[in-house]
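Student: Sharing a structure, written as structure tokens. Questions coming.
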Amino acid sequence: MNLLSINNLKKIGREKPLFTEVTFGLQEGEKAALIGRNGTGKSTLLNTIAGVLTPDEGTVVINKEAGVSFLPQNPAFNPEDTIREHIFKSDSPKLQIINEYTTICQKMSQSSEETQTSVQKRFDELMLIMDQKDLWNYEAQVSSILSTLGITDLNRKMGTLSGGMIKKVALAQVLVEDTQILLLDEPTNHLDITTITWLQNYLHDTKRSVLMVTHDRYFLDAVCTNIYELARNHLKLYQGNYSEYLAKKEKEAEIEENTERRIESVLRFEREWLLRGPCARGTKIKARIQRDEQLINREKFQADKGFTFEVKGQRLGGKVLELHNISKNYPKGFVNSDNTTNFTPVLSNFSYKFTKGQKIGVFGDNGSGKSTFLNIITGNLPPDTGTIDVGVNTKFGYYTQNPVFPDTNLTVLEYIKETAEHMTLNDGKKEVSAAKFLEEFGFEGKIQHSPVSTLSGGERKRLYLVRLLLENPNFLILDEPTNDFDIFTMNLLEQFLMHYEGCLLLVTHDRYFMDKTVDTLFILEEDGNISGFVGKCSEYIEYRESLQKENSKDTKGEASPSLQPASQSSATPSAGSNAARNACSPKKLSYKEQLEFQSLDTQIPQLEEKKSALEEQMSTTDFAVLSKITEEYNLLCKELDEKYQRWEELAERVL
């Protein structure tokens, strides 16, 4: 059954149409996504379908029985509203009944005997309505969604919530409504990875229809059955998930390139014919000239840019960054009876030595202290205890979630040129101008000469990132760099980070992005401890899920294996294929043991080479020298035996 019909929709932007002749429908149970570059009008289209914006042309028809719930990219709210008031502002009759039932239950526990009778009467009426409309199960579903999203205190005011919690409340409001169509604009922004994984499973399993804008590629693959790409002012359907879309786009690009070559081949001949000045009196000749003019003025195929850049950065020294017993606590917000304050640990005695080339992702739920951790490292926030020792040659590049622009009257190009007019690439030979660099990040033409104040929030963040990369840092610290970026910009940034030779510390909710760019994780625990995990983010999620399944089956109450604290090692973590793959198993090696196993793979061949060298030296006739070589040889053999024995112990648990 068709729930949503869009016919010939058109919307004019600031200078030209954002989209035109948009026609499509949404079937019952269909899960579709809108993708496209920033500025193509994805959010505008979603807002137009939701009725927030009025189209310049065309119609949007929604099945009256379906109902629509819309999650905007930046949810509006009244700071004085409680979470309960915000969620239950919905027009849904079912939610209004449940809200009144919950409210009257509270009144009954607080009312006096005089008012008890009138309250009891309404309570009985609501009980009957709940029975008749079968709302008890629906209420349980609402409670389950709120609980899963971590929304427990419904009396907190919206103005006191963090950005991540506001997004969760807005998401909860949409999910609990009794509607059949969900319109979601960047639903994963500001959510932690745990919540994103839950939402992914929820949308995959729900019978409701979904149309969303998101840049989360794992999310697109797991949820979507159709992809709509908005490009060149038009919408095009690609059936299947995101991976299937990529395969079809690759094939499509190949066909268009071949077609373009054939047209150019024909035009070479036709241009020569036109230059000879054919007589245009014949009808056939006129038609041929018109056809040639159409071919010459056609919209030419443009392949996606494949620009890659490796900026030449400063060399890191022997000492990069050392953290010694770092701790940080925050007050819980209430004072004990003896006037002492309770504190929540964010970091507890964390020590670590960063080495060249490490790429580490920071994993933790919202509120676990990821941004606090980054701010302490960069010196923007002092630790309560401990010391931070930064190497002489270490130059941080810190991308914050909310960048500040001191002078928004500067043009885009002027803002970039404050850092550099040209930049040298990693080969040391090629230079790229600031204007060219901006073009590769989507700042083309007039926008380079527009004031920063005229840019959207997403454009400003992208501009801030460009300037940060041009400063040539050798230790990049990125706090949610993927928010408000389109998939194409993220692909470009991924390519840069994959070839980046400096250190990288990354906080992101985008699992695909993290998988592509880091090989080790810091896991921020609830008690302030930080554990290490050698492997990718998706592998850690699998590992954690396997632990949960194992714990649910564990009837003996035995303690489950835990991750090794990252503070136990100052070695360079690396994600060897065996260690990374087997780290997903709860009975496999701990973090420290994974590093030890990788180290043995290097040490044993070196010792064997040394043993062979000593054996060659034993042919000497100098007994004093021979005695010394023999003693060293015996010690070496003993060490090798111990190394082999330990390697076999660890290998048995890997295989």
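Student: Using a 1.4 Å probe over the heavy atoms of the protein chains, calculate the carbon and sulfur portion of the accessible area of segment 446-554 as a whole percent. Intermediate values should be presented prior to the final figure.
Tutor: Numbers: 1570 of 3570 Å².
Of all accessible area on segment 446-554, carbon and sulfur atoms account for 44 percent.
Student: Ok, one more. Quickly work out the K251-to-N402 label distance, labels modelled 7 Å from Cα along the C-beta direction, and quote it in nm with one decimal.
Tutor: Result for the modelled spin labels: 4.7 nm.
Student: Can you compute 3J(HN,Hα) from phi for each residue in segment 459-474, using the Karplus curve 6.51 cos²θ - 1.76 cosθ + 1.60 with θ = phi - 60°, rounded to whole Hz and x for Gly and Pro?
Tutor: Here the 3J(HN,Hα) series is 5, 5, 5, 5, 5, 4, 5, 4, 5, 4, 5, 6, 6, 6, x, 10 Hz.
Student: Just from the alpha-carbon atoms, what are the Rg and Dmax of segment 1-90 in angstroms?
Tutor: Radius of gyration, then largest Cα-Cα span, for segment 1-90: 15.1, 42 Å.
Student: Another question, if that's okay. Can you list residues from other chains, or at least 5 along the same chain, whose modelled amide H is less than 5 Å from the amide H of V210?
Tutor: It is E30, K31, A32, L182, by chain and number.
Student: For segment 137-164, list residues with backbone N below 16 Å from a point placed 7 Å from the Cα of Q106 toward its Cβ?
Tutor: Under cut-off, by backbone N: 143, 151-159.
Student: I want to check the label-to-label distance for D178 and Q603. Put each point 7 Å from Cα in the C-beta direction and report it in nm to one decimal.
Tutor: 6.7
Student: Same structure again: Quick one: net charge around C224, please, counting Lys, Arg +1 and Asp, Glu -1 for every other residue with C-beta under 13 Å from its C-beta.
Tutor: -3
Student: Calculate, for Q141 and E414, the FRET efficiency according to 1/(1 + (r/R0)^6) with r their C-beta to C-beta distance and R0 56 Å; round to the nearest 0.05.
Tutor: 0.55
Student: Another one. Of K251/K359; K236/K417; K16/K249; K536/K643, which pairs sit farther than 30 Å apart, going by alpha carbon to alpha carbon?
Tutor: Too far apart for the 30 Å limit: K251/K359; K236/K417.
Student: Using the Karplus curve 6.51 cos²θ - 1.76 cosθ + 1.60 with θ = phi - 60°, work out ³J(HN,Hα) for each residue of segment 437-454 in order, rounded to whole Hz, and write x for Gly and Pro.
Tutor: Those phi angles translate into 4, 4, 4, 5, 9, x, 9, 10, x, 4, 5, 5, 9, 8, x, 4, 4, 8 Hz.
Student: Amide H neighbours of V346 under 5 Å, at least 5 residues apart or on other chains, H built in the peptide plane: list them.
Tutor: The list, which skips near neighbours in sequence, is K328, N329, Y330.
Student: Further, regarding this structure: Provide the gained length on full extension for the span Y644 to H204, in nm with one decimal, where the gain is 0.36 nm per separating residue minus the Cα-Cα distance. Could the numbers behind the result be given before it?
Tutor: Details: separation 440, 0.36 × 440 = 158.40 nm, distance 4.83 nm.
Length difference between fully extended and current span is 153.6 nm.
Student: Grab the beta carbon distance between N634 and S327, set R0 = 56 Å, and tell me the FRET efficiency rounded to 0.05.
Tutor: Calculated transfer efficiency: 0.75.
Student: Around N137, under 13 Å between beta carbons, what's the net of Lys plus Arg minus Asp minus Glu among the other residues?
Tutor: Its environment carries a net charge of -2.
Student: Along the Cα→Cβ direction, 7 angstrom out, place labels at H422 and N74. What is the inter-label distance in nm?
Tutor: 3.9
Student: Determine, from the Cβ-Cβ distance of E615 and E125 and an R0 of 60 Å, the FRET efficiency 1/(1 + (r/R0)^6), rounded to the nearest 0.05.
Tutor: Efficiency at R0 = 60 Å is approximately 0.05.
Student: Carbon-plus-sulfur fraction of the accessible area of segment 102-187, 1.4 Å probe, in percent?
Tutor: 48
Student: So, one more: Under a 5 Å amide H to amide H cut-off, with H placed in plane at 1.01 Å, what residues pair with I35 once short-range neighbours are removed?
Tutor: Y228, E229, L230
Student: Eight or more residues apart or on different chains, and alpha-carbon atoms under 29 Å: count the Lys pairs in segment 92-230 matching that.
Tutor: Final tally of qualifying lysine pairs is 18.
Student: Give me the 1.4 Å probe accessible area per residue for segment 368-527, excluding ligands and nucleic acids, in Å². Each step should come with its number before you reach the end.
Tutor: Working: 6180 Å² over 160 residues.
About 39 Å² of surface per residue is accessible.
The values are calculated or read from the model by the stated rules, or taken from the named source; none is laboratory data. These numbers come from a predicted model, not from an experiment. With ideal geometry, Cβ positions are generated from the backbone for all residues, glycine too; neighbour counts draw on all protein chains shown. When the accessible area is computed, the model is the full protein with side chains, heavy atoms only, and any ligands, DNA or RNA have been set aside. Shrake-Rupley method; radii C 1.70, N 1.55, O 1.52, S 1.80 Å.
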